Amino acid sequence: MEIFYPATTSNWSRRLPVTFAVALDNAQLYSSLEQKALEIARLKDFSENIVESLNVGVLSVDLDGIVESWNTRMEQLSESRAKNPSVASSVRCCPKN
């Protein structure tokens, strides 16, 4: 009994090493990407911890002047300004040009 192999079988036997190499390369790239994502997450946590530990108020605003984030000290300062109008009038976070 003779086994019949379609013509595409020989093509697959030639393409398989290339396909395997591409898959291996993709796996390595994905692993590298995961490592970079973890590194970025660690750096983000590190910088957030620095800003949070400062004893001065820090806030960030977007280009439209909308507050994006602030640290605990800024939160404490904003509460004291709300209670004391004279402090509120003496602090300008975003001066207009």
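Quick check on my filter: what residues within the range 27-79 are among the charged types (D, E, K, R) and out of contact with any strand residue (DSSP E or B) (no Cβ under 6 Å at 6 or more places or on another chain)?
The initial filter retains those residues of the range 27-79 that are among the charged types (D, E, K, R), namely 34, 36, 39, 42, 44-45, 48, 52, 62, 64, 68, 73, 75, 79.
GLU34, LYS36, GLU39, ARG42, LYS44, ASP45, GLU48, GLU52, ASP64, ARG73, GLU75, GLU79 - these are the residues of the range 27-79 that are among the charged types (D, E, K, R) and out of contact with any strand residue (DSSP E or B) (no Cβ under 6 Å at 6 or more places or on another chain).
With the requirement that a residue be at pLDDT 90 or above and hydroxyl-bearing (Ser, Thr, Tyr), what does the range 22-71 give you?
The answer is TYR30, SER31, SER32, SER47, SER53.
Please count how many residues of the range 54-69 are surrounded by fewer than 13 Cβ atoms within 10 Å (Cβ to Cβ), assigned to a strand (DSSP E or B) and not hydroxyl-bearing (Ser, Thr, Tyr).
1
The values are calculated or read from the model by the stated rules, or taken from the named source; none is laboratory data. What you see is a predicted model; the values in this text were computed from it and never measured. With ideal geometry, Cβ positions are generated from the backbone for all residues, glycine too; neighbour counts draw on all protein chains shown.
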